[in-house]
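Data block below; observations after.
The values are calculated or read from the model by the stated rules, or taken from the named source; none is laboratory data. If you're wondering where the values come from, they're calculated on a predicted model, not measured in any experiment. Every residue, glycine among them, receives a Cβ derived from its backbone with ideal geometry; neighbour counts consider all protein chains shown.
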Amino acid sequence: MRDFGIITDSTIENKLLINIFKDASNVSLLFMYEGRFVDEKTIIQNNLNESNIFIDSKINPKGFMDAIIHQKQLGYKRILILTSSNILTTSYKEAMLAKSILDDDSIDIIDTKTFGPGILYLLETLDNLIKKGLSYSKIIDKLNDLIDQSKTLIITNDYKRLRNHKGFIKCIKPFIKYYIMSKDKDYNLEKIFFKESQLLNYINLLITNYKGFSKEIKTYIFSGLNVASAKFIQHHLYNFNNQFSANLYENISYSILYKCGMNCYGIFLGKEVDDL
């Protein structure tokens, strides 16, 4: 039986979170729009003008403070917070500030170094570990190990959003078809490809060198607004090895799209939950 509360941020959809942990809290990431804070749901539902939206550099801990208080009111003495990547969002900083303001050592905060599909994988893993009866401290250690072992790869062609990224090659941008960023390189530009065949060969090597094609791999192909590109990668992997299964995770968080491009897509790899 779980004896600790769980909090995530909105890079994972709330419906996916509560499908695993019904009383968990989901803290919405905030953006500035025409001088006021708006959340991701408001941006999408109201189709707000993207040119007027930006991420405020100020850290706002209120969402995490409210979530922590709520979890305490549910009766949990310990709280586990899984935030999206500290590089891609402000969640980790906001959670740390909330913990500091509340002056509460019963709160543990883990930077997952990923987002949406990667956090979903960690929640599925967490559920599995709880059912196996692992102690809280061993669960934390296991999650940290799996985060270090996991891989997140982002593919984009939106060079306008990458001007401040390390590795940006301005002089040849018209000829580059794919920009690659990964968790292993702190989401700096890692590789560029001019041809589709180069990208597909790279993906093949990434997966086969990770664990080989087996049920030990948990794989998500994720997408932004252009789902077709993600489905193409999913189909390619099936053709490459029809024993290999990759789950499709559509509509990743606006906060990731804001940083990496509206049509970005990619791959998350982790050890299969059932084989832990």
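Structure summary
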| read-out | value |
| --- | --- |
| So Leu126, is it more than 30 Å from Ile176 (Cβ to Cβ), in a helix (DSSP H, G or I) and either at pLDDT below 95 or out of contact with any Asp or Glu (no Cβ under 6 Å at 6 or more places or on another chain) (or both) | yes |
| Positions within the stretch 180-190 being modelled with pLDDT of 90 or more and surrounded by 15 or more Cβ atoms within 10 Å (Cβ to Cβ), in sequence order | Ile180, Met181, Ser182, Lys183, Tyr187 |
| Residues located in the stretch 63-106, provided they are among the polar types (S, T, N, Q), surrounded by fewer than 22 Cβ atoms within 10 Å (Cβ to Cβ) and part of a loop (DSSP other than H, G, I, E, B) | Asn86, Ser106 |
| Number of the condition not met by Phe193 [criteria: (1) within 28 Å of Tyr121 (Cα to Cα); (2) modelled with pLDDT of 90 or more; (3) surrounded by 13 or more Cβ atoms within 10 Å (Cβ to Cβ)] | (1) |
| Any chance Tyr254 is closer than 17 Å to Gly116 by Cα and either at pLDDT below 95 or touching a strand residue (DSSP E or B) at 6+ places or on another chain (Cβ under 8 Å) (or both) | yes |
| Verdict on Leu206 being out of contact with any helix residue (DSSP H, G or I) (no Cβ under 8 Å at 6 or more places or on another chain) and either modelled with pLDDT under 90 or among the aliphatic types (A, V, I, L, M) (or both) | yes |
| Strands (runs of 3 or more DSSP E) wholly inside the stretch 175-276 containing at least 2 residues that are β-branched (Val, Ile, Thr) | 217-223 |
| Filter pass, Asn241 being surrounded by 14 or more Cβ atoms within 10 Å (Cβ to Cβ), farther than 28 Å from Ser10 by Cα and modelled with pLDDT under 85 | yes |
| Matching entry among Ile147, Ile172 (being in a helix (DSSP H, G or I), β-branched (Val, Ile, Thr) and at pLDDT below 90) | Ile172 |
| Residue in the stretch 42-65 that is small (Gly, Ala, Ser) and at pLDDT below 60 present | yes |
